[in-house]
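First comes the structure, then the notes that go with it.
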């Protein structure tokens, strides 16, 4: 299948490209490299033995996208391109709305003009807001507590309205929980610019000596050890979920929201302790005040992914952390 993968040099995008190449799909990656490195393309080639077509372009650039669609006969699109830092989204919300919402509208218009109506969209469990109780299933009401979450929710509304207006569209909106881990080769993994926003890269950088300690936000929640509980999913399992969703677009009518998670929760301190056991390194941490809007426990009901896509998470927590540590210890400065 001929596929466009937007944001394909990023963390989740690159792992998904590896899985797609293993199945002999023809891939074109479009990425503006705002939060990724072109060096990942060589790593993908080393893992798969295959090269991939890369075009540096921005999804907000309609003329560039139109030229790409005219050059390639795409059958479907997997759309990862987007800004994803919750804290940053509070500081520069207009940039997030411009990139994530307006950029997706531009992509959808170009897809429609070229009669490409099969899409897998990178959504997020943030669309469940802060009022629902775990386990979270796709029937629950949605809301958002920050601009990043709002952009994902807005795009979902757009996709549902689009599919309702034109039933020839087939769209899977995949709501991720907390992706962690890296490819088992140690060649690709999460490579955030600056200070990491997510827990595992932060823990890994403390373990490797780049950062002094982890801030644990709150230790008085009603959980196993007082710290927040989240559903952590291996990035390779997540990548395989995209492949399954792509394969099922021919039976998905309209737009379907689908959770991708393990269905289990792990606390912050459990993550830190497991990381110490796997890495044989001490991970210093200090307790900090709760963050506004944080919930005690968040994990998925992933039964729809199993029944509709035939997908379930296969990696356990030790696998996730071992692969994270292999990536971080072998690439202490990321792709540099």
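The values are calculated or read from the model by the stated rules, or taken from the named source; none is laboratory data. Values in this document were obtained by computation on a predicted structure and should not be read as measured data. Note that each Cβ is placed from the backbone with ideal geometry, even for glycine, and that neighbours are counted across all protein chains shown.
Listed values, structure above:
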read-out	value
Residues of the range 191-209 that turn out to be in contact with a strand residue (DSSP E or B) (Cβ under 8 Å, 6 or more places away or on another chain) and either at pLDDT 95 or above or under 30 Å from residue 45 (Cβ atoms) (or both), as a count	4
Qualifying residue in the range 87-100 (condition: closer than 27 Å to residue 168 by Cβ, at pLDDT 95 or above and within 16 Å of the chain's Cα centre (by Cα))	yes
Residue 260 within 30 Å of residue 145 (Cβ to Cβ), touching a residue at least 24 places away in the same chain (Cβ under 8 Å) and surrounded by fewer than 20 Cβ atoms within 10 Å (Cβ to Cβ)	no
One residue from 294, 323 being part of a loop (DSSP other than H, G, I, E, B), within 22 Å of the chain's Cα centre (by Cα) and either more than 25 Å from residue 121 (Cα to Cα) or touching a residue at least 40 places away in the same chain (Cβ under 8 Å) (or both)	294
Matching residues, the range 22-63, being in a helix (DSSP H, G or I), surrounded by 13 or more Cβ atoms within 10 Å (Cβ to Cβ) and in contact (Cβ under 8 Å) with a residue 24 or more places away in the chain	22, 40, 41, 43, 44, 47, 48, 62
Selected residue (criterion: farthest from residue 202 (Cα to Cα)) from residues of the range 299-311 that are touching a helix residue (DSSP H, G or I) at 6+ places or on another chain (Cβ under 7 Å) and assigned to a loop (DSSP other than H, G, I, E, B)	310
Residues of the range 312-324 that turn out to be crowded, with 24+ Cβ neighbours inside 10 Å and touching a helix residue (DSSP H, G or I) at 6+ places or on another chain (Cβ under 6 Å), as a count	3
Checklist (1) out of contact with any strand residue (DSSP E or B) (no Cβ under 7 Å at 6 or more places or on another chain); (2) buried (at least 19 other Cβ atoms within 10 Å of the Cβ); (3) over 19 Å from residue 161 (Cα atoms) applied to residue 132, failing item	(2)
Residue that is farthest from the chain's Cα centre (by Cα), among those in the range 246-291 that are within 24 Å of residue 1 (Cα to Cα) and in a helix (DSSP H, G or I)	247
